[in-house]
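> Below is one structure. I have some questions about it.
The values are calculated or read from the model by the stated rules, or taken from the named source; none is laboratory data. Since the model is a prediction, treat every value here as computed from it, not as a measurement. Neighbour counts run over all protein chains shown; Cβ positions are idealised from the backbone, glycine included. The area values use the complete protein model at the heavy-atom level, side chains included, leaving out ligands, DNA and RNA. Shrake-Rupley method; radii C 1.70, N 1.55, O 1.52, S 1.80 Å.
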Amino acid sequence: MQKKRPRNLNLISIRLPLPALVSILHRVSGVILFLIIPALLIVLQTSLASPDGFNSVVAAMDHPIVKLLLLGLCWAFLHHMFAGVRHLMSDMSFGLELRQARLINKVVLWGAITLSIAVGGILWSA
Amino acid sequence: MVSLILGISRPSMRDWALQRTTAILMLLAIVILIGMLAVYQPQDHATWKQVASFELTRISLLVFLVSMCLHAWLGIKDVLMDYVKHTYTRATLRVLTLASLIGYTLWSILILWG
């Protein structure tokens, strides 16, 4: 039986509700963080191995593209951590009221972005 | 072990508990590590190496990295379950994920104590 009803599967025109946005970004940031693990281990290993290694890591961080990558990584980390803490709060039945839930989701989303911008400021001024 | 402590034996509940336990361990480790960095403020290799050689730093970093690998395994497993419909492709990706995470854990130990 075919029913005529409006159907919209265009992902670009669908406006995600705030909790859905925070949730999918939690997932996206998690995958980003997983993929970056080997790079982080290389940086840790190189910087500890020798003074030359340490200096090369410090020098690499001066590169604008590396700074941009660090900024993105910083956001992924902060968003994932904040959204995770929100999960832990929900597990303890904290902030389940609609108004509180919305506020907490806003804090997660904008808190991560604002703190990332602050870190960006430090990266580019250093 | 965690499921034993929390008295949870069903697999999905065990994953749920482990995801949260590792998250909290990582939060604690981050607080300690940021504290160490704030106190010693390493600007050169010698100080950096010194900070990394403290037992507190090593244990925190190890707890963080091992928790991260366990946490990532549970998360990526869910992501693969949701988006990769083809059974064999999913199985292959799961094996690759697990193998790389075990590799990362061993690598971390090597970095910290090698």
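> Tell me the volume per residue, in Å³, of the convex hull enclosing the alpha carbons of chain B.
Roughly 126 Å³ of hull volume per residue.
> Loop-only trypsin sites (Lys or Arg not before Pro) in region B:40-114, please: DSSP not H, G, I, E or B, and at most 10 other Cβ atoms within 10 Å.
Those satisfying the criteria are B:Lys85.
> Be a star and scan region A:5-27 for residues whose amide nitrogen sits under 20 Å from the point 7 Å along the Cα-to-Cβ vector of A:Leu98.
From region A:5-27, the list is A:15-23.
> Right, next: Across peptide B:102-112, how many C-beta atoms of other chains are within 10 Å of each residue C-beta, on average?
For this peptide, the per-residue mean of nearby foreign Cβ atoms is 3.
> In vacuo Debye scattering of chain A, one point per C-alpha: log10 I(q)/I(0) at q = 0.14 Å⁻¹?
The calculated log intensity ratios at q = 0.14 Å⁻¹ are -0.78.
> If the cut-off is a Cα-Cα distance under 18 Å, which aspartates and glutamates reach B:Lys77, setting aside same-chain residues fewer than 8 apart in sequence?
Of all the aspartates and glutamates, those that pass the test against B:Lys77 - Cα under 18 Å, at least 8 places apart if same chain - are B:Asp15.
> Show me, bin by bin at 10 Å from 0, the whole-percent P(r) of the protein assembly as shown based on Cα pairs.
Reading the bins upward from 0: 6, 24, 35, 23, 10, 2, 1, 0.
> So the label point goes 7 Å from the Cα of A:Ala20 along Cα→C-beta, right? Which residues of region A:71-113 then have their backbone N under 17 Å from it?
A:102, A:105-106
> Pop out the ³J(HN,Hα) list for region B:98-112 in order, Karplus 6.51 cos²θ - 1.76 cosθ + 1.60 with θ = phi - 60°, rounded to Hz; leave Gly and Pro as x.
In residue order, the calculated couplings are 4, 4, 5, 5, 5, x, 4, 4, 5, 4, 4, 4, 4, 5, 6 Hz.
> So, one more: Considering the dipole of region B:11-113 built from charges on the beta carbon (Lys and Arg +1, Asp and Glu -1) around the Cα centre, which of B:Gly75, B:Thr47, B:Ile32 is farthest to its positive end?
B:Gly75
> Pairs of Cα atoms under 8 Å, at least six residues apart: use those to get the relative contact order of chain A, whole percent.
The normalised contact order for chain A reaches 31 percent.
> With every protein chain left in place, what is the accessible area of B:Phe64 in Å² (1.4 Å probe, nearest 10)?
40
> Right, here's the next one. Mind putting a number on the dipole of region B:11-113 about its Cα centre? Charges go on the C-beta only, +1 for Lys and Arg and -1 for Asp and Glu, and I need it in Debye to the nearest 20.
I would put it at about 300 debye.
> Within 10 Å of each Cβ in A:20-27, how many Cβ atoms from other chains are there, averaged over the peptide?
Mean partner shielding for this stretch: 1.
> Right, next: Can you grab the distance from the C-alpha centre of region B:15-46 to the C-alpha centre of region A:3-62, Å, no decimals?
Each part's Cα centre sits 19 Å from the other's.
> Could you work out the local net charge near B:Ala17, counting Lys and Arg as +1, Asp and Glu as -1, over the other residues with Cβ closer than 11 Å to its Cβ?
+1
> I've got another one for you. How large is the dipole of the protein assembly as shown about the Cα centre if only Lys and Arg carry +1 and Asp and Glu carry -1, each at its Cβ, rounded to the nearest 20 debye?
1460
> Here is a further query. Fully extended, how many nm does the chain gain between A:Asp91 and A:Ala60 (0.36 nm per residue separation, minus their Cα-Cα distance)?
7.1 nm
> Kindly express, to the nearest 10 degrees and within the range 0 to 90, the angle between helix A:18-49's C-alpha long axis and the longest C-alpha principal axis of chain A.
10
> I'd like the mean, over residues of A:37-44, of how many other protein chain beta carbons sit within 10 Å of each residue's own Cβ.
Going residue by residue through A:37-44 and averaging, the value is 4.
> To continue, here is another question. Positive end of the charge dipole of region A:20-126 (Lys, Arg +1 and Asp, Glu -1 on Cβ, about the Cα centre): tell me which of A:Cys74, A:Ala39, A:Ser93 has its Cα farthest that way.
Result: A:Ser93.
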